[in-house]
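The structure appears right after this line, and notes come after that.
The values are calculated or read from the model by the stated rules, or taken from the named source; none is laboratory data. The shown structure was predicted, so the numbers you read here are calculated from the model rather than taken from an experiment. Using ideal geometry, Cβ is built from the backbone for each residue, glycine included, and neighbour counts are taken over all protein chains shown.
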Amino acid sequence: MFLSRPCLFSIAATTIAGLAAFGCPGALAQSGAHRVGVESLPSEERRPNRIRFEYVSPQNPRHDHVHRHVKEGAALEKVQQLFSPFRLPIDLTVKTVGCDGRSNAWYQRAVVSLCYEYLDQIWQSATPEETTAAGVTPIDAVVGQFFYVVLHEFGHAMFDLLRIPSFGSAEDVADQFSTYMMLHMGKDDARRLISGAAYSYRNSVRSSTAFVPLKAFSDMHGLPAQRFYNLLCIAYGADPTAFAYVVAKYLPEDRARDCKREYDEVTFAFTTLIVPHLDEDLTKQILNKEWLPPQSAEPLVD
Amino acid sequence: MAQPKTLKLRRSIGVVLSAASISFVMMSQASAAETNAKTNRIKIEYFDPPNPALRGVYELVKKRRTLERIQQVFSPFRLPVELTIKTGSCDGVANAWYIRPAISVCYEYLNQILQSLPAEPTPEGVTREDALIGETFYVFAHEMGHATFDLFAVPMLGDRENAADHFAGYLMLQFGKDEARALIMGAAYTYHKYVQNPEVMAPLKAFSDIHGAPAQRYYNLLCLAYGAEPTVFADVVAKGYLPKERATGCKREYDQVAHGFRELMTPHVDQQLAKQVLDKSWLSEVRAPDLSRDQP
């Protein structure tokens, strides 16, 4: 929690100059109030198409524009569709909701909650009409950051509802789940989504020396800079050509060398642990779909 | 007379990387070989260090039968191939690693443990002897984690370094409460230098390392322990070694690791043998009455 306030401040106070600027762990770093294995799940037959959604009306009028945008953009309908192939034991709800000023996102069985505060933060972070030095357009920054956080929380949800075993930190697991999903949402989409997602961390990799309070190391999430590099490494490992710019500009070569193997490990795990829970036909439909609006979409000015 | 073994342990980057990618490709073969999986498949080897400065630590681990004990602790794992655990010298580099089918721990690393032991029991109550045992067990168990992930072809999302730490921490917590306490706190002493200052300054590049920062590994270990045994480790939170904000989720973190262990590891463990290993009181046997006599 200690990270969130300075972070919000930095978002408000910063002109976004590019991916090379950095930053804010945002709510993403505090997300994860999920529960694992607390109560038992019904043993009835698992089936696909179990995602429900709700755009809860915001209490704060400042969130009206976000509410309208996500609704008009059918953001949650897209999420519902994306997760329709997962055969779940119970219904899973995703909702956008006002959080009394807290910028957060979390999973608690069986609801993924996305605060308007957090969505607004994503919205504000993308300056109108400006494409960053790293080629991140405002629309990509918004959509990439949105999918990154939603898929992260759904990662927590899938591991919980499907009782998937894991040794690693649940937060790393959720980040990898999110990254892997984005990489499979179409090749052109993947690059735009990953760049947009990486934009979440722009303020944290801005300078070559980092000063970090010791307490930050006790957070169960990795530090923003670590999550930034992990995201880029998996992406580079998946497609060294499409993501060649990542190594040229951001990812140190020492790490980059091993990224293919890291990606292969994620693929092996995803194939072994997740794919058996997917409906094959629905998965094919999902993989063939385009998820991003065209680059020329109207600017984000409200 | 047999030739003394003076072979050095080597680990060039190239070798590691190619070995790592090969090991991934070979995963399916390893699991195919699992029909031949057997307990008691660990071989051990103490290489003779050519560097006289490392003779002391070599004599010490040999005298204290370190590898024999590690071999015994891990004997219940039904391995598809023979695994060798060896100590050797590494041209001055303090390191430890796993490359199929061997775990290598450098005398330089073990010597570093010896050199940094607390002279007096620490405020957390870590004695010199427990730091030595805990840190030593931790490094072997961490590498054993990597070995089992590889040999059992464990599907792994999340950082495998963190997973290997969790593997080691989980095992330490399966011994009796007193032993678990001594092992965990001793192991956590590995990171004591990294949790002294309220602020950490580091080059940004350091955060691109696949290993977590030492301070993160310290908190992860304490959190796992507190999640498993909130009474035994109550002081860890009360005295602020582990921040309360993190502590609230530790039970859930431990449950997740325990679930992971049950699903992914237990099928590869001989339960009867494991019970024998866990019932044995290792520490009273391993703890030397006076460590100073063992000092090189």
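Within segment B:164-219, if we keep just the residues that are hydroxyl-bearing (Ser, Thr, Tyr) and either without any contact (Cβ under 8 Å) to a residue 40 or more places away in the chain or within 14 Å of another protein chain (Cβ to nearest Cβ) (or both), the residue that is nearest to B:GLU135 (Cα to Cα) turns out to be B:TYR191.
Meeting the requirement of 1 or more residues that are closer than 17 Å to B:MET156 by Cα and among the hydroxyl-bearing types (Ser, Thr, Tyr), the helices (runs of 4 or more DSSP H) wholly within segment A:221-276 are A:259-269. The residues on offer are B:ALA258, B:ALA202, B:ALA206, and the sole one that is hydrophobic (A, V, I, L, M, F, W, C) and at pLDDT 95 or above is B:ALA258.
Hey, among the residues in segment B:220-232 that are out of contact with any Cys (no Cβ under 9 Å at 6 or more places or on another chain) and more than 9 Å from chain A (Cβ to nearest Cβ), which one's surrounded by the most Cβ atoms within 10 Å (Cβ to Cβ)? Once the filter is applied, the top-ranked residue is B:LEU221. With respect to the conditions (1) crowded, with 22+ Cβ neighbours inside 10 Å; (2) without any contact (Cβ under 8 Å) to a residue 40 or more places away in the chain, B:GLN71 lacks only one, and its number is (1). One residue alone among A:PHE217, A:PHE211, A:PHE228 is hydrophobic (A, V, I, L, M, F, W, C), crowded, with 17+ Cβ neighbours inside 10 Å, at pLDDT 90 or above and under 26 Å from B:HIS192 (Cα atoms), and that residue is A:PHE217. Would you confirm whether any residue within segment A:274-296 is at the interface with chain B (Cβ under 7 Å from one of its Cβ atoms), at pLDDT 95 or above and either buried (at least 21 other Cβ atoms within 10 Å of the Cβ) or within 30 Å of B:GLU253 (Cα to Cα) (or both)? No, segment A:274-296 contains no residue that is at the interface with chain B (Cβ under 7 Å from one of its Cβ atoms), at pLDDT 95 or above and either buried (at least 21 other Cβ atoms within 10 Å of the Cβ) or within 30 Å of B:GLU253 (Cα to Cα) (or both).
More than 27 Å from A:ILE234 (Cβ to Cβ), touching a Lys or Arg at 6+ places or on another chain (Cβ under 9 Å), in a helix (DSSP H, G or I) and free of Cβ contacts under 8 Å to residues at least 40 places away in the same chain: does that describe B:GLU245? Yes; evaluated as a whole, the condition is true for this residue. Selection within segment A:211-238: residues that are of a type in the set (Gly, Ala, Ser) and at the interface with chain B (Cβ under 7 Å from one of its Cβ atoms). The member of this set that is farthest from A:ASP258 (Cα to Cα) is A:SER218.
Does A:ALA157 satisfy being at pLDDT below 95 and surrounded by 24 or more Cβ atoms within 10 Å (Cβ to Cβ)? Judged against the criteria, A:ALA157 is not a match. Checking A:VAL266 against (1) in contact with a strand residue (DSSP E or B) (Cβ under 8 Å, 6 or more places away or on another chain); (2) modelled with pLDDT of 95 or more, only one condition comes out false. Which one? Only one criterion is unmet by A:VAL266, namely (1). Pairs meeting the criteria (first residue in segment B:145-157 and within 20 Å of B:ALA96 (Cβ to Cβ), second residue hydroxyl-bearing (Ser, Thr, Tyr), beta carbons under 6 Å, at least 6 apart or on different chains) are B:HIS146/B:TYR98; B:ALA147/B:TYR98; B:ASP150/B:SER23.
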